[in-house]
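Q: I am attaching a structure below and will ask some questions about it afterwards.
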Amino acid sequence: MSKKSFPLSRVYGLLEPGPVVLITTAGKRWPDIMAQSWHTMLEFEPPLMACGNASGTKTNKFERFGLTPQPAARVGAPLIAECFANLECRVADASMVSKYCLFVLEVIQAWADPAVKIPRTIHHCGRGNFMLAGERIKLKSKAK
């Protein structure tokens, strides 16, 4: 087997961390939605995750993309009715925002549609390329 040098600008596609998620925030004019393809779990109990940031203030994305906001139980940002799962989060650590644009969030409430047994998630592979989650396999694990 021979390998050749791989462009560093395309490494992201090799390390794709998980499904594209939609993040809502409680905006000043209306709630905002951001599609995010980079995020990671940091801890399981309590559930902590890290993600990048972006802003959109000129467009009501719920209206533009035909999405339905629903009230959350514990945060000001709305849930998205069309998503099979929703996580309500609070900022746990913002100390890395200025250097890495990285927020650490704590999940304080989770919602999932029990009718969706195997969600078809979309994954960003870089440079405008996406893939749908494929076949699932089960391997032995010590995780519960």
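Q: Compute the longest continuous run of the chain that contains no exposed GluC sites (Glu not before Pro); treat a site as exposed when its DSSP state is not H, G, I, E or B and it has at most 15 other Cβ atoms within 10 Å.
A: The segment 1-81 is the longest one with no such site.
Q: How long are the three semi-axes of the equivalent ellipsoid of the chain, in whole Å, if each is the root of 5 times an eigenvalue of the C-alpha gyration tensor, listed from largest down?
A: 27, 20, 18
Q: If you average over every viewing direction, what projected area does the convex hull of the Cα atoms of region 1-65 give, in nm²?
A: So the Cα hull casts an average projection of 7.6 nm².
Q: Rolling a 1.4 angstrom probe over the protein heavy atoms, how many square angstrom per residue are accessible across region 1-122?
A: I get 71 Å² per residue for region 1-122.
Q: Only sites in a loop by DSSP and with at most 12 other Cβ atoms within 10 Å count here; which trypsin sites (Lys or Arg not before Pro) in region 9-70 make the cut?
A: Lys28, Arg29, Lys58
Q: Gaussian network model of the chain, Cα springs within a sub-10 Å range: biggest mean-square fluctuation belongs to which of Leu14, Leu105, Leu87?
A: Highest fluctuation of the listed residues: Leu14.
Q: With n ≥ 4 as the cut-off for DSSP H runs, can you work out [θ] at 222 nm for the chain, using -39500 (n - 2.57) per run divided by the number of residues, rounded to the nearest 500?
A: Per the formula, -1000 deg cm²/dmol.
The values are calculated or read from the model by the stated rules, or taken from the named source; none is laboratory data. What you are looking at is a predicted structure, and each value in this text was computed from that prediction instead of being measured. A quick note on method: Cβ atoms are made from the backbone with ideal geometry, for glycine too, and the neighbour counts reach across all protein chains shown. We work out accessible area using only protein heavy atoms, side chains counted, and drop any ligands, DNA or RNA first. Shrake-Rupley method; radii C 1.70, N 1.55, O 1.52, S 1.80 Å.
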